[in-house]
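Report on the following structure.
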């Protein structure tokens with residue numbers, strides 16, 4: 001669990017709600033159904049219009065990464081690559097066949113299988129780079145869905161504010177209708193700006209950083225597998241791969 005993300009979300013909303021309370025406001029003043037419908041519906045609709053369905057579906061799938069990010073163990077990955085190189089040096093590349101069969105990571109398993117099959121280093125690089133860049137692009141584009149929502153939400157909030165003011169102006173003769181219209185106008189703006197800056201844009205940045213860390217891990221595996229294919233010394237491989245550490 002990413003405790004920092006959880007603390008950040010809680011702190012952001014406690015600050016807004018707590019500040020509102022200290023100023024003499026109450027929670028009910030921030031709860032407005034029409035304003036929420038305008039901002040949430042308009043923001044999601046705009047994102048759906050912009051994004052391919054595959055990117056939107058992937059964005060919903062990886063949203064859980066904010067609290068439960070995939071584990072990326074760079075030091076452990078380096079140790080695994082060094083062990084593979086030691087096995088290859090002692091038993092030859094065919095000795096990696098049982099290792100490949102037991103490997104849970106599909107990317108690493110494909111690389112090991114290419115080694116066992118005797119593929120040339122350039123062929124290994126070409127095949128694994130396709131997987132590498134495809135997955136990276138897929139996850140980055142998914143993160144951009146939330147980034148686009150963060151760009152649209154404040155503007156949709158302003159649209160909600162204008163709609164609320166139109167409602168107010170159309171009911172100037174009926175003072176009982178003025179309060180709800182003004183509430184929608186101001187609360188819609190709060191929803192738009194707050195959702196963008198407290199949730200959507202931070203979520204997009206966090207997902208991008210996780211995707212890039214995963215890409216660095218795959219790049220490390222790629223370089224390690226290529227080094228094994230070229231017959232490099234295990235110690236040299238370890239020193240090279242340590243350059244991928246934070």
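Residues that are at pLDDT below 90: which helices (runs of 4 or more DSSP H) entirely in region 1-95 hold 2 or more of them?
Hits in region 1-95: 3-22, 27-30, 33-50.
Tell me the residue from 116, 99, 145 that is in the same structural domain as residue 221 (by TED's automatic domain parsing) and crowded, with 21+ Cβ neighbours inside 10 Å, please.
Testing whether each residue is in the same structural domain as residue 221 (by TED's automatic domain parsing) and crowded, with 21+ Cβ neighbours inside 10 Å leaves just 145.
Look at region 1-30 and say how many of its residues are more than 24 Å from the chain's Cα centre (by Cα) and touching a residue at least 60 places away in the same chain (Cβ under 8 Å).
Going through region 1-30 one residue at a time, the tally reaches 3.
Being under 18 Å from residue 198 (Cβ atoms) and either buried (at least 16 other Cβ atoms within 10 Å of the Cβ) or in the same structural domain as residue 198 (by TED's automatic domain parsing) (or both): is that true of residue 5 here?
Yes, satisfied.
Checking residue 104 against (1) without any contact (Cβ under 8 Å) to a residue 12 or more places away in the chain; (2) part of a helix (DSSP H, G or I), only one condition comes out false. Which one?
Every listed condition holds for residue 104 apart from (2).
The values are calculated or read from the model by the stated rules, or taken from the named source; none is laboratory data. Remember, predicted model here, so these are calculated numbers, not experimental data. Using ideal geometry, Cβ is built from the backbone for each residue, glycine included, and neighbour counts are taken over all protein chains shown.
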